[in-house]
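A short worksheet on the structure shown next.
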């Protein structure tokens, strides 16, 4: 799987998990499944932002067409991290959780639109398939590394 396919797959998974959590609002009491869904979202988002910042964004920063979007993306990652940290202190069926989740969803929708509308098509034009495949391989390796996950979770929660 190349880098573009991998990032787009992550985007879809993240949006599905948010959608699942948005339906929790109506429930009374805490359901362990909802907490598990949030934990999946948390882990997926942390690793996704980590692979973007370690592999994809550095490759894109060298190109004028992407530089400004990448700068904004880093700022959005910071806000995503803040919201994730806040969400870890709440339970999915609380109003505060749902409000923070809605804000996270809005930021992510904008973030994904920018990436899928500008950055990923630019990467497809700028890089040969071999480079996209290599970045995808590196991203997969990172995602499958427990050390990389532990580093992503620790670094992003500070």
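Using a Gaussian network model of the chain with C-alpha springs under 10 Å, which one of 53, 115, 125 is most mobile by mean-square fluctuation?
Comparing 53, 115, 125 in the GNM, the peak value goes to 125.
To test your reading of the geometry: what angle, between 0 and 90 degrees and rounded to tens, separates the Cα axis of helix 146-156 from the longest principal axis of the chain?
The answer is roughly 70 degrees.
Explain nothing, just the number: relative contact order of the chain, from Cα pairs under 8 Å at least 6 residues apart, as a whole percent. Mind showing how you got there, number by number?
Values: 128 pairs, mean separation 65.6, N = 158.
So the answer I get is 42 percent.
Report the FRET efficiency, 1/(1 + (r/R0)^6), for residue 98 and residue 54, where r is their Cβ-Cβ distance and R0 is 35 Å, rounded to 0.05. Before the final figure, lay out each step's value.
On the way: r = 32 Å, r/R0 = 0.90.
Using R0 = 35 Å, I get an efficiency of 0.65.
With r defined as the distance between the Cβ atoms of residue 20 and residue 61 and R0 fixed at 30 Å, what FRET efficiency is calculated, to the nearest 0.05?
Values: r = 34 Å, r/R0 = 1.12.
Rounded to the nearest 0.05, the efficiency is 0.35.
Gain in length, residue 89 to residue 134, computed as 0.36 nm per residue apart minus the alpha-carbon separation, to one decimal in nm?
Computed gain between residue 89 and residue 134 is 12.4 nm.
Estimate the FRET efficiency between residue 154 and residue 122 by the formula 1/(1 + (r/R0)^6), using the beta-carbon distance for r and 30 Å for R0, to the nearest 0.05. Don't skip to the answer; put the middle values down first.
Working: r = 31 Å, r/R0 = 1.04.
Here the calculated transfer efficiency is 0.45.
How far is helix 3-22 tilted, in degrees, relative to the longest principal axis of the Cα atoms in the chain, given as a value from 0 to 90 rounded to the nearest 10?
10 degrees
Roughly what angle does helix 129-143 make with the longest principal axis of the chain, taking Cα atoms, 0 to 90 degrees, to the nearest 10?
On a 0 to 90 degree scale, this one is about 30.
How big is the Kirkwood radius of the range 70-154, worked out from every pair of different alpha carbons and given in Å to one decimal? All intermediate terms of the calculation are to be shown ahead of the outcome.
Numbers: mean 1/r = 0.0661 Å⁻¹.
Kirkwood radius, the range 70-154: 15.1 Å.
Contact order normalised by length for the range 1-68, with contacts defined as Cα pairs under 8 Å and 6 or more residues apart; what percent is it? List each step's numbers first, then the result.
Numbers: 20 pairs, mean separation 22.9, N = 68.
That works out to 34 percent.
Every number here is computed from the coordinates shown, using simple stated rules; none is lab data. All figures in this text were calculated on a predicted structure; none of them were measured in a lab. Neighbour counts are summed over all protein chains in view; Cβ atoms, including those assigned to glycine, are modelled from backbone coordinates with ideal geometry.
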